[in-house]
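Colleague: Can you read through this structure? Questions will come right after.
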Amino acid sequence: MSKAYLETIKALNGELFHLQYHQERLNKALDISSNKPHSLKDILSPPPFGLYRCRVVYDHENISVEYIPYVKRRVERLKIIYNDEITYEKKYADRKLIDTLFTLRGECDDILMVKSGLIRDTSIANIAFFDGDKWITPKRPLLEGTTRARYLNEKKIIAQDIFVDDLASFSKVALLNAMIDFDIIASENIGEIIC
C-alpha cells in the first residue's frame, strides 16, 4: 500500500455507528468527492453479535477490513507530553511517533499531547474539558475525530484553544472517539487526572 489511512468504526450486534462521518473522513483523506472507490456501506459486514472495533486500512487502490473484539482500555490518568514535531492531520495507519510518545506515560494510563503550548489529543482520543458551564474541546487537535465532529455539529461541545495553564480551571475531562463516544473520566479533582 502507498501511504495508508485508517478508520476505526464501532460495530455492535451487526450495526455500524455513525458511518456517514467515517465515510466523509475517508473521502477527505483520499481527496475524492464521492464514495468511490471505497463505499464503507457496501464493503463492511460486521459480525451479527458482539462489540467489535472495525479496523479499515485503505489507500486509493486498496482496502482491508478487520473486526476485532473490543475491550475498553481503562484511562483514569493522563501524562502531559510536549512535542512540537508531531503531525497527524489525517488518520494515518502509521502511528509510530504517537506510539513512541505513549511509551513515555510512566505510571499513567495515557498521554495528553501538547504542541506549541496547546493541548491537542490523547493517544487514542480527542479530549474535552468541562468548565462548570460548558464542554470545551481543543480548537486545533492533532486529528479532527468523527465523534468530536459530531458533538461539535450537535453543539454539545465548543472548540477553543486550551493552554496547559488552563487545565486547572476545568472540573471534568472526557475522552471522545468512535468506540467510547463521550466518556467522562471520573474524578473529584482534575489534578488527580493530570499526572
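Colleague: Can you sort Cys54, Cys108, Cys195 so the residue with the fewest Cβ neighbours within 10 Å comes first?
Modeller: Placing the least packed residue first, the sequence is Cys195, Cys108, Cys54.
Colleague: What do you get for GluC sites (Glu not before Pro) in the range 132-195 restricted to DSSP loop and a cutoff of at most 11 other Cβ within 10 Å of the site's Cβ?
Modeller: Glu154, Glu188
Colleague: When DSSP beta bridges are limited to those with both residues in the range 78-193, what percentage is antiparallel, rounded to the nearest 5?
Modeller: The answer is about 65 percent antiparallel.
Colleague: Taking the beta-carbon count within 10 Å as an exposure proxy, list Phe129, Phe102 from fewest neighbours to most.
Modeller: Phe102, Phe129
Colleague: Rounded to the nearest 0.05, what FRET efficiency is calculated for Asp42 and Asp181 with R0 set to 30 Å and r the Cβ-Cβ distance? Each step should come with its number before you reach the end.
Modeller: Working: r = 25 Å, r/R0 = 0.84.
In this case the efficiency is close to 0.75.
Colleague: Moving on to the next point. Output the 0 to 90 degree angle, nearest 10, between the alpha-carbon long axis of helix 19-30 and the longest principal axis computed from the alpha carbons of the chain.
Modeller: It is inclined by approximately 80 degrees.
Colleague: May I pose another question? Give me the distance in nm between label points sitting 7 Å out from Cα along the Cα-to-Cβ direction at Asp161 and Glu85, one decimal.
Modeller: For Asp161 paired with Glu85, the spin-label model returns 2.4 nm.
Colleague: Still on this structure, I have one more. Give Lys41/Lys79; Lys90/Lys155; Lys10/Lys139; Lys41/Lys96; Lys3/Lys79; Lys72/Lys155 a once-over and call out the pairs whose C-alpha atoms are over 32 Å from each other.
Modeller: Beyond 32 Å: Lys41/Lys79.
Colleague: Here's a follow-up. So for the range 61-124, what percent of the C-alpha to C-alpha distances run longer than 14 Å?
Modeller: Value for the range 61-124: 63 percent of Cα pairs lie more than 14 Å apart.
Colleague: For a quick check of your reading of the filter: which chymotrypsin sites (Phe, Trp or Tyr not before Pro) in the range 10-94 sit in a DSSP loop and have no more than 10 other Cβ atoms within 10 Å?
Modeller: Sparse-neighbourhood loop chymotrypsin sites (Phe, Trp or Tyr not before Pro): Phe49.
Colleague: A further question follows. Would the range 5-69 count as rounded, prolate or oblate if I go by the C-alpha gyration tensor, calling it rounded below 1.5 in a/c and otherwise prolate when a/b exceeds b/c, oblate otherwise? Numbers along the way, then the final one.
Modeller: Details: a/c = 2.24, a/b = 1.85, b/c = 1.21.
Judged from the Cα gyration tensor, the range 5-69 comes out prolate (a/c at least 1.5, a/b above b/c).
Colleague: Report, to one decimal in Å, the Kirkwood hydrodynamic radius for the range 102-165 based on all distinct Cα pairs.
Modeller: 12.3
Colleague: As an exercise, identify the GluC sites (Glu not before Pro) in the range 1-72 lying in DSSP coil whose Cβ has no more than 15 other Cβ atoms within 10 Å.
Modeller: Glu61
Colleague: So, one more: Averaging over every viewing direction, what projected area does the convex hull of the Cα atoms of the range 78-193 cover, in nm²?
Modeller: 6.8
All of the numbers you see were taken from the coordinates with simple rules; none came from a lab. Because the structure is predicted, anything quoted here is derived from the model rather than measured. Cβ: placed from backbone, ideal geometry, glycine included. Neighbour counts: every protein chain shown.
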